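I have placed the structure first, in the form of C-alpha cells, so that the comments after it can refer back to it.
No lab work stands behind these numbers, since they all come straight from the coordinates. Since the structure is predicted, the reported quantities are computational estimates derived from the model, not experimental observations. Positions of Cβ are generated from backbone atoms using ideal geometry, with glycine treated the same way; all protein chains shown enter the neighbour counts.
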Amino acid sequence: MAAKVLDSWALLAFFKGEPAAAAMEELIHKASADKVRLLLSIVNWGEVYYGMWRAGGKEAADTAAEDLARLPIELVDVHFHQARQAATYKATRKMSYADCFAAALAKETKGAELVTGDSEFEQIEKEIKINWLK
C-alpha cells in the first residue's frame, strides 16, 4: 500500500477549508478504504495544533486535535535517525525545523511521497517524491 507523509501545510489547509482541502478529503477517503497509508510526524502534529490555535484560538486547536485522532492518519514518533536527518536538512537548507521532520519521515519511509503545498520543499524535490497540493 502506498504511503503518503502529510506535511502540516496540507492538514492546515484541510482544517481551514482552503482550496487544497478537497485533495486532502480525497486522500482521507482513500486511507479509510485502505488504499493509501497516511503518516504524520508527531512534530508536524504539534505544528498543526499551534497553527490552529493561532488561527482560531485554543478551542479550534483542540477541535482539530480531536478530529485528527479520528482520521485514518498514523502518528509517527521521532527516532534518532529521523532527528538526525531533520537536523541535516535544517543545517543545509532554508527550511523550518518542523518541515525538516516531514521531509525526514518521507525520506526514511520506503516509497513514500510527501503531501504539501509549501514551496520550502522545492529544495529537496530531487531527494524525495512530492505530491504538490494547490
Taking the DSSP beta bridges in the chain as the whole, what percent of them are antiparallel, to the nearest 5?
-> 0 percent
Kindly put Val76, Val5, Val43 in sequence by how many other C-beta atoms sit within 10 Å of each C-beta, fewest to most.
-> Val76, Val43, Val5
Out-of-range pairs (alpha-carbon distance over 29 Å; input Lys16/Lys90; Lys35/Lys90; Lys35/Lys126; Lys35/Lys107) | Lys35/Lys90
Candidate aspartates and glutamates - alpha carbon under 12 Å from Lys134, same-chain residues fewer than 8 apart omitted = Glu18, Asp118
Hey, what do the phi angles of the range 62-70 turn into as Karplus ³J(HN,Hα) couplings, whole Hz, using 6.51/-1.76/1.60 and θ = phi - 60°, x for Gly and Pro?
-> 5, 5, 4, 5, 5, 5, 4, 5, 8
Work out from phi, with θ = phi - 60° and the Karplus expression 6.51 cos²θ - 1.76 cosθ + 1.60, the ³J(HN,Hα) of each residue of the range 10-18, listed in order in whole Hz, and give x for Gly and Pro.
-> 5, 6, 5, 4, 4, 5, 8, x, 6
Assigning unit charges at the beta carbon (Lys, Arg +1; Asp, Glu -1) and nothing else, what dipole magnitude in debye, to the nearest 20, does the chain show about its Cα centre?
-> 360 debye
Per-residue ellipticity at 222 nm for the chain, helices alone: DSSP H runs ≥ 4 residues times -39500 (n - 2.57), over residue total, nearest 500 deg cm²/dmol?
-> -17500 deg cm²/dmol
Sequence-separation-based contact order of the range 1-116, relative, with Cα cut under 8 Å and 6+ spacing, percent = 37 percent
Residues with amide H under 5 Å from that of Val36, placed H, sequence gap 5 or more | Ala31
Listed by chain and number, the residues whose amide H is under 5 Å from that of Lys129, excluding neighbours fewer than 5 places away on the same chain and using placed H, are Leu114
